[in-house]
Amino acid sequence: MKETDAFFNELVTHFALEGTYVSCIRYGAGHINDTFRLTMRTGRGETAYILQRINHRLFRDVGQLMHNIELVTAFCRQSVIAAGGDPMRECLQMIPTTAGESYYFDGTDYFRIYVFIEGATTYQAVRDPRDFYESAVAFGRFAALLADFDASQLYEVLPDFHNTKVRYANFLRAVETDVCERAREVSGEITWVKEHKSLCGKIVDKIERGEIPLRVTHNDTKLNNVMLDNATGRGIAVIDLDTVMPGSLCYDFGDSIRFGCNSAAEDEPDPARVHFRFDLYETYLAGYLSAVGDGITEEEKKYLPMGAILMTYECGMRFLTDYLEGDHYFRTTRARQNLDRAHTQFKLVDEMLAVYDRMLAAAIGQTAPKKV
Ligand code: ADP
Ligand code: GN1
Ligand code: MG
């Protein structure tokens, strides 16, 4: 992959940017796109941007993906302005190409540039429960905002993204094909996934029966996809809008729990360090319910804990599938990283299932809400 100054220097000339190129360095910890912090210099000083090479092995139709992001960012911008906020910090702001497009194709790869949101941080783990509470408020507000967004305007860029039954079928195919001959080594993990197969339909079937509504949702609500203001601690911007598509609130809630309520890192190699933090689950629940508004149905509330279990089961299954297929989907920086990621998810599922009744009681308001 081309990552030289000469390459980036030429690349940025295709965007409507002010100033001269200074540097472009790898940034963040996303698993999907290649993200860089780009610095440009003008007479007024240096300005930072986020430059991304879009993963087009995954997003096959970048035009459709960017169409979605243009619409969603424009919609967010309007609502931030209406609320008297700062649209440059409170939503993703795209820099168009010199041809007025939202992305640039250089013949091989697709690139986009966003304004860099300054004075805010994305966290890779919960350090302070208050941060987690604020992330919940930000994602809850984002869900409430999207309630007014017309779903028919969006392309479903990754069909069946959170269809756990389809994910399970993909997993079985990877086990059978076993292209890397790794299935024998992980036979215990494969058995565990199969033993929990009955989880797969828990939410998908309810959506199909119309008992849980399909909404426009974020679909990738992990902690490092929300920016917290360094001065106030408030969640100011929800980012990584690639997967905004039809989905369920239970999934969005659940994915935040999957990532944030882990006592260790997502790829922790020592399973003994991985535990489900029930206290943080309560914290997130309180923040999310305070912000998501009255739109959430009683049935959705009842399925929030199952959303957490399912997102964790599904993600573990996806990590194991990727390990079996040779680590082509999620970015890895070391051998067996996807396997470690799968192990953390399976451990969390076991621990969540053990306290499921308490999770449910908290979600439907049978225990006092957590004070933060
Ligand atoms: P991926 O899809 O690979 O997860 P993201 O869009 O989430 O990529 O970006 C990766 C990281 O880059 C984020 O977690 C965040 O730290 C940082 N980032 C992304 N967009 C911005 C932005 N506009 N301003 C500041 N940081 C950003
Ligand atoms: C990916 O893009 P990122 O790193 O925020 C993945 C999510 C997974 C997550 C696991 C488009 O999220 O679905 O839950 O990794 N995104 C996509 O950490 O597949
Ligand atoms: Mg991300």
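What's the angle, to the nearest 10 degrees (0 to 90), between helix 304-324's Cα axis and the longest principal axis of the chain?
On a 0 to 90 degree scale, this one is about 70.
Given 0.36 nm per residue, what is the gain on full extension from Ala354 to Leu172 after removing their alpha carbon distance, in nm?
Length gained between Ala354 and Leu172: 62.9 nm.
Under a 1.4 Å probe, what is the accessible area of the chain per residue, stated in Å²?
Value for the chain: 44 Å² per residue.
Just to be sure I understand: with springs between alpha-carbon atoms less than 10 Å apart, which residue in Lys302, Lys206, Lys165 has the highest mean-square fluctuation in the Gaussian network model of the chain?
Top of the fluctuation ranking is Lys206.
What figure in square angstrom, to the nearest 10, would you give for the accessible area of Val274 with a 1.4 Å probe?
So the heavy atoms of Val274 present about 0 Å² to solvent.
Counting only residues 5 or more places away or on other chains, whose amide H sits under 5 Å from the amide H of Ile212 once H atoms are built in the peptide plane?
Hits under the 5 Å cutoff: Ile207.
Tell me the relative contact order for the range 5-118 as a rounded percent, counting alpha carbon contacts under 8 Å between residues six or more apart.
Reported as a whole number, the value is 25 percent.
Once you place label points 7 Å from the Cα toward the Cβ at Phe7 and Thr98, how far apart are they in nm?
That separation, rounded to one decimal, is 2.1 nm.
Considering only protein heavy atoms, what is the solvent-accessible area of Lys202 at a probe of 1.4 Å, reported in Å² to the nearest 10?
In the full protein context, Lys202 sits at about 90 Å².
Nearest 500 deg cm²/dmol is fine: what mean residue ellipticity at 222 nm does the chain get from its DSSP H runs of n ≥ 4 alone, each adding -39,500 (n - 2.57), divided by its residue count?
Helices in the chain give a 222 nm mean residue ellipticity of -13500 deg cm²/dmol.
Top to bottom by accessible area (1.4 Å), largest first, where do His56, His31, His218, His328 land?
My answer, sorted largest first, is His328, His56, His31, His218.
Select from the range 163-231 those GluC sites (Glu not before Pro) which occupy a DSSP coil region and have at most 15 other Cβ atoms within 10 Å, ordered by residue number.
Glu181, Glu185, Glu211
Per residue of the range 243-257, what does 6.51 cos²θ - 1.76 cosθ + 1.60 with θ = phi - 60° give for ³J(HN,Hα)? Whole Hz please, x for Gly and Pro, Karplus curve as stated.
Running phi through 6.51 cos²θ - 1.76 cosθ + 1.60 with θ = phi - 60° gives 10, 5, 7, x, x, 10, 4, 5, 6, 5, 4, x, 5, 5, 5 Hz.
Taking θ as phi - 60°, what are the ³J(HN,Hα) couplings along the range 169-176 by the Karplus curve (6.51, -1.76, 1.60), each to the nearest whole Hz, with x for Gly and Pro?
Each residue of the range 169-176 in turn: 4, 5, 5, 4, 4, 5, 5, 5 Hz.
Using a ≥ b ≥ c from the Cα gyration tensor of the range 187-230 (square roots of the eigenvalues), is it rounded, prolate or oblate, where a/c under 1.5 gives rounded and otherwise the larger of a/b and b/c decides, a/b for prolate?
oblate
Report relative contact order for the chain in percent, whole number only (criteria: Cα-Cα under 8 Å, sequence separation at least 6).
18
Please label the shape of the range 5-118 as rounded, prolate or oblate, based on the square roots a ≥ b ≥ c of the eigenvalues of the alpha-carbon gyration tensor (a/c under 1.5 means rounded; beyond that, a/b larger than b/c means prolate, else oblate).
Here the range 5-118 falls in the oblate category.
Given the options Met94, Gln124, Ala237, identify the residue whose Cα lies farthest towards the positive end of the charge dipole of the chain (+1 on Cβ of Lys, Arg; -1 on Cβ of Asp, Glu).
Gln124
Find how many whole Å separate the alpha carbon centroid of the range 302-372 from the alpha carbon centroid of the range 190-259.
With the range 190-259 and the range 302-372 each reduced to a Cα centre, they are spaced 11 Å.
Identify which of Arg318, Arg277, Arg26 has the largest mean-square fluctuation in a Gaussian network model of the chain, with springs joining Cα atoms closer than 10 Å.
In this elastic network of the chain, the residue with the biggest mean-square fluctuation among Arg318, Arg277, Arg26 is Arg26.
Among Val292, Gly326, Asn9, whose Cα lies farthest out toward the positive end of the dipole of the chain, if unit charges sit on the beta carbon of Lys, Arg (+1) and Asp, Glu (-1)?
Val292
If the only charges are +1 at each Lys and Arg Cβ and -1 at each Asp and Glu Cβ, what is the size of the charge dipole of the chain around the Cα centre, to the nearest 20 debye?
480
Compute, for Thr20, the solvent-accessible surface of its heavy atoms (probe 1.4 Å) with the complete set of protein chains present, and express it in square angstrom to the nearest 10.
Its accessible surface works out to 90 Å², give or take rounding.
Amide H neighbours of Val244 under 5 Å, counting only residues 5+ apart in sequence or on other chains, H built in-plane at 1.01 Å?
Long-range HN contacts for Val244: none found.
Using Cα-Cα distances under 8 Å and only pairs 6 or more residues apart, what relative contact order does the range 307-352 have, in percent?
Taking the mean separation of contacting Cα pairs over the length of the range 307-352, I get 50 percent.
Considering only Ala291, Ala48, Ala169, give the residue with the highest GNM mean-square fluctuation for the chain, with springs between Cα atoms whenever their separation is below 10 Å.
Ranking Ala291, Ala48, Ala169 by mean-square fluctuation puts Ala169 first.
Once fully extended, how much extra length lies between Arg60 and Thr367, figured as 0.36 nm per residue of separation less the alpha-carbon to alpha-carbon distance?
Result for the pair: 106.0 nm of gain on full extension.
Which of the GluC sites (Glu not before Pro) found in the range 55-148 are loop residues per DSSP with 12 or fewer other Cβ atoms within 10 Å of their Cβ?
When the GluC sites (Glu not before Pro) of the range 55-148 are filtered for loop state and at most 12 Cβ neighbours within 10 Å, Glu118 remain.
Please enumerate, by chain and number, the aspartates and glutamates with C-alpha under 17 Å from the C-alpha of Lys2, excluding those fewer than 8 residues away in the same chain.
Output for Lys2: Glu10, Asp34, Asp106, Asp109.
Check the cysteines of the chain one by one and keep only those with no other cysteine Cβ under 4.7 Å from their own.
Lone cysteines by the Cβ rule: Cys24, Cys180, Cys200, Cys250, Cys261, Cys315.
Using each residue's phi in the range 56-64, evaluate 6.51 cos²θ - 1.76 cosθ + 1.60 at θ = phi - 60° and report the 3J(HN,Hα) Karplus result to the nearest Hz, with x for Gly and Pro.
8, 6, 8, 8, 5, 10, 5, x, 5
The values are calculated or read from the model by the stated rules, or taken from the named source; none is laboratory data. All values derive from a computational prediction rather than experimental measurement. Heads up, the Cβs are rebuilt from the backbone with ideal geometry, glycines too, and the neighbour counts pull from every protein chain shown. Ligands, DNA and RNA are excluded from the accessible area calculation, which covers all protein heavy atoms including side chains. Shrake-Rupley method; radii C 1.70, N 1.55, O 1.52, S 1.80 Å.
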